[in-house]
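Every number in this text was worked out from the coordinates using simple rules, so none of it is lab data. In this text, all values refer to a predicted model and were calculated from it rather than measured experimentally. Neighbour counts run over all protein chains shown; Cβ positions are idealised from the backbone, glycine included.
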Amino acid sequence: MITKEPQAEVHIDLPLIQHLLSTQYPQLANEDIQFLDAGWDNENYRIGKNHIIRLPRRKVAVPLLLNEVNWLPKIQAQLQIDIPAPIFVGQKDGRYPWPWTIIPWRQGNTANLNRPDKSAAITLANFLKKLHPMDATGAPENTSRGVHLKEKMSDLSIRINRLKIKTDFITPKIEQQLATALACPFPTKKCLLHGDLHPRNIIVHEGKIVSIIDWGDITDGDPATDLASFWMLFAEQAAIENGLAIYGASADLIKRAIGWAVFFGVILLDTGLQDNEQHTEIGAVTLRRLNAFK
């Protein structure tokens, strides 16, 4: 069970990036390099005005990066929100052990820092309505996303109990929402999923969702996993309900989506309290919204 952000297994710095660019993608070798962020799996740097270099910081992240390489070009043209299909795939060399990618840079910031307007719920609903029915044949297996929530409970229960001691976010209503989701039948038809659709993986500019990033967890399974994002993104209950209605979510799907929102809220809050203020805030906001949802 991960309780805080994993340590990087390689050292990534500007000289390394300059080396990789000069030896493998020299057309960007003379551009300015600026650190953007580091997640659990990758470090990202802006290259000049129009590109990002994306490098795994742990070996376990390499298959996730390759999921993006293999899948995003297949689905990019069919979606109305930008997704960052790689424009170049770099190879390991003597100074760096794994593949890496260059993707387009999009103006904006992550949705936890740039809050989307309530109208963006319509955009998100239409995006997911298009994504989920796509052919998922050969989609990467993912035991953490798209599955029945009961498969997550051994870990989730430990985190919930820990948060009960540390915080007041785990209310009887939150526990009832989770129990209701667990009681819902699992869907017989699997959908193509983003799999990790939290606010740090959504880019917003001037209130609009302009890009959806970090597709390493792409898989097939229960669309409730992705629909949980509505509670992470939108403060207004009407916006959430409108988005779910436009998507066409059934009553059981909404219940399962609320359960997945509890899951993401608990995971982000519990891990964030260790060492990540952004995750702490996302988790706390999500659980507050769920507690207020009628």
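One table, with the values for the structure above:
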{"read-out": "Distance between modelled label sites at Lys74 and Ser22, nm, 7 Å Cα→Cβ extension", "value": "3.8"}
{"read-out": "Zone residues, the stretch 270-294, relative to Gln237, backbone N less than 15 Å from point 7 Å out along Cα-to-Cβ", "value": "288-294"}
{"read-out": "Inter-centroid distance (Cα atoms) of the stretch 102-159 relative to the stretch 235-271, Å", "value": "11"}
{"read-out": "Estimated [θ] at 222 nm from DSSP helical runs (n ≥ 4, -39500 (n - 2.57)) normalised by residues in the chain, nearest 500", "value": "-13000 deg cm²/dmol"}
{"read-out": "Cα-based shape type of the stretch 197-256, given that a ≥ b ≥ c are square roots of the gyration tensor eigenvalues and the cut on a/c is 1.5", "value": "oblate"}
{"read-out": "Crossing angle, helix 14-24 versus the chain [Cα axis fit, 0-90 degrees, rounded to tens]", "value": "70"}
{"read-out": "Per-pair calculated FRET efficiency, R0 = 41 Å: Ala183 and Asn109 via Cβ, rounded to 0.05", "value": "0.60"}
{"read-out": "Fewest-first sequence of Lys118, Lys130 by Cβ atoms within 10 Å of each Cβ", "value": "Lys130, Lys118"}
{"read-out": "Full-stretch length increase - Lys129, Gln278 - with 0.36 nm per residue and alpha-carbon distance subtracted", "value": "50.8 nm"}
{"read-out": "Sorted peptide list for 192-201, 231-240, criterion being average Cβ within 10 angstrom, highest first", "value": "192-201, 231-240"}
